[in-house]
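**Student:** Structure incoming, see below.
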Amino acid sequence: MLVAPALVPTVAVLVAGLAAALAQSLGLVPLVGRPELSAQAYLDVRPDLLTATGLSLGIAAASSALAAGVGLLTALLVVRGAAGRRLLRFASAVPIPVPHLVGAASMGLLLSDSGLLARLVGDQGSWPALVHGPWPVAVVAAYAWKESAFVALVVAGALATRVASYEETAAVLGAGRWARFRFVTWPLVTPPLAAATAITFVYTLGSYEVAWLLGPVHPEPLPVLAQRLFTSPDLTARPQALAVAVVTAALALAATVATLAALRRTATWR
Amino acid sequence: MTAALAVRNLGRDHGGGQAPALDGLNLDVPAGSCLALVGPSGSGKTTALRLVAGLEVPDRGDVLLDGRSVVALPPERRGVSMVFQRPLLFPHLDVLDNVAFSARVAGASRRAARAAAAPFLDLVQMGGYTTRRPGQLSGGQEQRVALARALAARPRVLLLDEAFTGLDVALREDMHELLHQLRAVLEPTVVLVTHDHAEAAALADSVAVLSGGRLLQHGDAGRIYTRPASVTVSRLLGGRNEVPGVVVGGEHRSALGRLRLPTDVAVPDGPAVLLVRQEAVVVTGPDAPGADAAGTVLAVRAAGARRALTVEVVSPGGAAVQVHAETSPGQVFTRGERVGLRLPSSAVSAVPPEDAGTEEPEIADRRTADAGRMPRTHRVASPAVPDAGVRPDAPGAPRRRNHHGDHGT
C-alpha cells in the first residue's frame with residue numbers, strides 16, 4: 001500500500017500508453033473503418049523497420065560501450081584520487097546538466113564538415129562525413145560524451161566508500177596492481193557498471209533528438225522513423241509509426257530483462 | 001614464516017605545518033613475539049602500523065624485516081598481513097574464497113587455493129561456514145574469517161589494527177583466546193594496535209606506549225604496568241593512583257606515610273609521584289596488621305565482579321590524598337567506612353613529577369573526565385610537598401575546581 005502512490009501512475013501510464021500503441025499498431029483503433037486485428041502495419045514498415053533496428057542497436061551498443069569504458073576509467077581515477085582529480089571531477093560532471101539537444105548541437109558544430117575540427121585541420125574537402133554521413137559517428141560521439149558522465153557518476157558513487165579499503169586489504173594479502181583490479185575492483189564494479197550501461201543502452205535506443213539532429217538521413221534509426229511516420233501528413237501511416245514504437249519498446253524491455261537476469265547471477269547482487 | 005621486525009627513526013608528517021603523525025619511532029620486535037602499541041586516539045599507532053604494512057610511505061626512517069629494509073617495497077611484496085577494525089571480507093567471495101584470496105592472487109588455481117585455505121578456516125573454528133557469504137556471518141565470525149584470511153597469506157609479520165575493538169566483551173575474550181592458540185601453532189610475529197590497555201596486557205609480550213606521535217616507553221608487558229616511566233605512561237595504561245611526595249634515600253614520603261620503594265626503582269632524591277595500580281592496592285580492615293595506611297571510603301563503584309573504591313587518606317599532618325583500589329570479589333565496603341590499605345612494595349613505583357604545562361591535550365581531557373567522576377574534592381595542604389606534581393583531581397587544584405565547582409555531594 002505504501003508504494004501505491006508511486007506504482008499506480010507508473011503502471012497506468014506504462015500499461016495504458018503501451019496498450020494504446022499496441023492496439024493502434026494492430027489495427028484495433030483505425031482512423032476510419034471497422035477495427036480489425038491485423039499485422040499489416042508491421043508488414044508495411046518491415047523493410048525500413050529491419051534496417052532501422054540494426055542501425056539503432058548499433059548506435060546504442062557503440063555509444064553504451066564507449067560510455068561504459070570512459071565512465072569506468074573516469075570513476076576509477078576519481079575514486080582513487082589520481083593527479084588532477086579536481087579537474088577530472090569537473091570534466092566528468094559537466095555533461096550531466098547539459099541537455100541532450102545542446103550537447104548534440106555542440107557535437108554537430110564540432111564534427112560537421114564545416115565544423116570547428118574540420119576548420120582546425122584546414123582541409124575541409126577531405127573531412128569525413130561524421131554528421132549525417134553513412135556512419136552515425138557524431139550520434140555515437142554525442143551519446144557517449146553525455147552518458148559516460150552518467151556511468152562515471154553511478155560507478156564512482158558505488159565505489160567511493162569501499163574500493164580503497166578493499167584494495168588496501170587485497171594489497172596486504174599479496175595482490176599486486178593487476179590482481180587487485182582483476183579479483184577485487186572488477187567484481188565490485190561490474191553490477192553498477194552493468195546497470196548504468198543498460199540504462200544508457202535503453203535510453204539511447206529510444207532517444208530521438210540526437211539521432212535526428214546528427215544521424216544519417218537514410219536509413220533512419222527507430223525513433224526518427226517512428227516520429228517521421230507519426231507526423232506524416234498521411235494519417236494512414238500512424239499504425240506503422242506505432243508498430244515501430246512497439247518494436248522499440250520491446251527491444252528496450254528485452255535489454256532490461258536480460259541485464260536484470262545477468263545482475264541477479266553476480267555474487268555481489270546476491 | 002616469522003621474522004624479526006625493527007623500526008628505525010620512523011616518521012610521517014601530516015603536512016601543513018602540523019605536528020608529525022609519527023616522530024622518530026624506534027622499536028624491535030623479536031621473531032614470534034607480540035608487541036602491543038597503546039595510546040590515545042591520534043597518538044600515531046595506526047600510522048605506525050600502516051607504515052610497517054607499506055600502506056603509507058614514511059617521510060623518514062626505515063622498516064626492517066630480519067634486518068633487511070622493506071621500506072621501498074610495495075605492500076604486496078613485504079610479507080606483512082594486516083587485519084583491520086572492520087573485517088572487510090570481499091563481498092563477492094564466499095568465506096572459503098576469501099581465505100583462499102592470497103593463494104589465488106599468487107597464481108594458484110581456484111581449487112588449489114581453496115584446498116590450501118581450508119585448514120586456516122578450521123584453525124579459527126569456522127570450518128563449517130565455507131560457502132557462506134560475508135553478509136550471512138555475525139561480526140565475530142567475520143573477524144575470525146578475516147584473521148584466517150590474513151594468516152593464510154603466511155605473513156612474516158601479522159598486524160592487527162584494533163581488530164577486536166568492534167566486538168562485544170565475550171567475543172573479544174574469545175578472540176584473545178584464539179590469538180593465543182594461533183600464536184602457539186603458527187608463531188607469527190604480531191604487532192597489534194589497541195587503545196584498550198587491558199587487551200594489550202592480555203595479548204602482548206611487550207607494550208609500547210605512544211602519545212602525540214612519539215614513543216613514551218617500550219617494555220615488557222609484565223613490568224610496564226608496575227614500572228611506568230612517567231605519570232603520562234601510567235595514565236595511558238589505566239593507572240589512577242598518583243600520590244605526590246618526596247623521595248629520600250629510596251623511601252617515598254607522602255600523605256600515605258613512608259613507603260620503601262623497590263630496589264629497581266631508581267629515582268633521585270627529591271619530589272616524586274608514587275604510582276601504584278588500583279588493582280594492586282589491597283583493601284583490608286582499618287586495623288589489619290601490615291596495612292600501609294588507613295582511610296575513609298569516599299565512593300564505591302561497580303567494576304564487573306569487583307568494586308572500585310575511592311579512599312581518602314589523611315595524614316597526621318592534615319595532608320589528604322585519594323587512593324583508588326579494586327576489591328576482591330565478595331568484599332563489601334560502604335561509603336564512609338574506615339578501611340586499611342596495603343600497597344605491595346613490588347607494585348609501587350615512583351617517577352619525577354611532570355610539568356603540567358607540557359602534558360598532552362588528551363591527558364588533560366581525560367583528567368577532566370576523571371574529575372567529573374570524583375564525588376568530592378578535598379582541599380589539602382601537603383606540608384611535605386606543597387605543590388609537587390599535584391594532580392588536578394587531587395587536593396588543591398584550583399583550575400579543576402573552577403570547571404567543576406559542584407564537587408560537594
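**Student:** Does B:Ala100 satisfy the condition of being free of Cβ contacts under 8 Å to residues at least 40 places away in the same chain and over 16 Å from B:Gln141 (Cβ atoms)? Talk me through it step by step, then tell me what you get.
**Tutor:** Numbers: free of Cβ contacts under 8 Å to residues at least 40 places away in the same chain: no; over 16 Å from B:Gln141 (Cβ atoms): yes.
Against the criterion (free of Cβ contacts under 8 Å to residues at least 40 places away in the same chain and over 16 Å from B:Gln141 (Cβ atoms)), B:Ala100 does not qualify.
**Student:** B:Phe84: closer than 28 Å to B:Thr232 by Cα, modelled with pLDDT under 95 and among the aromatic types (Phe, Trp, Tyr), yes or no?
**Tutor:** Judged against the criteria, B:Phe84 is a match.
**Student:** Is it the case that the stretch A:78-97 has a residue that's open to solvent by 30 Å² or more (accessible area, probe 1.4 Å), on the phi > 0 side of the Ramachandran plot and not aliphatic (A, V, I, L, M)?
**Tutor:** Yes, there is a match, as at least one residue in the stretch A:78-97 is open to solvent by 30 Å² or more (accessible area, probe 1.4 Å), on the phi > 0 side of the Ramachandran plot and not aliphatic (A, V, I, L, M).
**Student:** Next question. Determine whether the stretch A:225-232 contains at least one residue that is charged (D, E, K, R), open to solvent by 60 Å² or more (accessible area, probe 1.4 Å) and modelled with pLDDT of 85 or more.
**Tutor:** yes
**Student:** Also, quick follow-up: Residues in the stretch B:71-97 that are more than 7 Å from chain A (Cβ to nearest Cβ), within 16 Å of B:Gly166 (Cβ to Cβ) and open to solvent by less than 20 Å² (accessible area, probe 1.4 Å): how many?
**Tutor:** Of the residues in the stretch B:71-97, 2 are more than 7 Å from chain A (Cβ to nearest Cβ), within 16 Å of B:Gly166 (Cβ to Cβ) and open to solvent by less than 20 Å² (accessible area, probe 1.4 Å).
**Student:** Just to be sure I understand, how many residues within the stretch A:233-255 are open to solvent by 60 Å² or more (accessible area, probe 1.4 Å) and of a type in the set (S, T, N, Q)?
**Tutor:** Going through the stretch A:233-255 one residue at a time, the tally reaches 1.
**Student:** What residue, among those in the stretch A:144-183 that are more than 7 Å from every other protein chain (Cβ to nearest Cβ) and among the acidic types (Asp, Glu), is farthest from B:Pro91 (Cα to Cα)?
**Tutor:** If we take residues in the stretch A:144-183 being more than 7 Å from every other protein chain (Cβ to nearest Cβ) and among the acidic types (Asp, Glu), then A:Glu147 is farthest from B:Pro91 (Cα to Cα).
**Student:** Can you name every residue in the stretch B:40-63 that is β-branched (Val, Ile, Thr) and either surrounded by fewer than 23 Cβ atoms within 10 Å (Cβ to Cβ) or more than 12 Å from chain A (Cβ to nearest Cβ) (or both)?
**Tutor:** So the first thing to find is which residues in the stretch B:40-63 are β-branched (Val, Ile, Thr), and the list is B:46-47, B:52, B:57, B:63.
Across the stretch B:40-63, the qualifying residues are B:Thr46, B:Thr47, B:Val57, B:Val63.
**Student:** How many residues are open to solvent by less than 10 Å² (accessible area, probe 1.4 Å) and either assigned to a helix (DSSP H, G or I) or without any contact (Cβ under 8 Å) to a residue 24 or more places away in the chain (or both) if we restrict to the stretch B:146-157?
**Tutor:** 6
**Student:** How many residues are within 9 Å of A:Leu72 (Cβ to Cβ) and surrounded by fewer than 20 Cβ atoms within 10 Å (Cβ to Cβ) if we restrict to the stretch A:183-198?
**Tutor:** So the answer is 0.
**Student:** For the stretch B:176-213, which positions are part of a loop (DSSP other than H, G, I, E, B) and open to solvent by less than 20 Å² (accessible area, probe 1.4 Å)?
**Tutor:** Within the stretch B:176-213, B:Pro188, B:Ala204, B:Gly213 qualify.
**Student:** Within the stretch B:158-175, can one find any residue that is under 17 Å from B:Val52 (Cβ atoms), in contact (Cβ under 8 Å) with a residue 40 or more places away in the chain and either surrounded by fewer than 24 Cβ atoms within 10 Å (Cβ to Cβ) or out of contact with any strand residue (DSSP E or B) (no Cβ under 6 Å at 6 or more places or on another chain) (or both)? Explain how you work it out, then say what you get.
**Tutor:** Pass one, the stretch B:158-175, residues under 17 Å from B:Val52 (Cβ atoms): B:158-163.
The next check asks that each one be in contact (Cβ under 8 Å) with a residue 40 or more places away in the chain; those that pass are B:158-163.
Now restrict to residues that are either surrounded by fewer than 24 Cβ atoms within 10 Å (Cβ to Cβ) or out of contact with any strand residue (DSSP E or B) (no Cβ under 6 Å at 6 or more places or on another chain) (or both): B:161-162.
The answer is yes; a qualifying residue exists.
The values are calculated or read from the model by the stated rules, or taken from the named source; none is laboratory data. Predicted model only: the values in this text are computed from it and were never measured. Cβ coordinates were reconstructed from backbone atoms using ideal geometry, including for glycine residues, and neighbour counts include every protein chain displayed. Note: accessible area is taken over every heavy atom of the protein model, side chains too, but ligands, DNA and RNA are not part of it. Shrake-Rupley method; radii C 1.70, N 1.55, O 1.52, S 1.80 Å.
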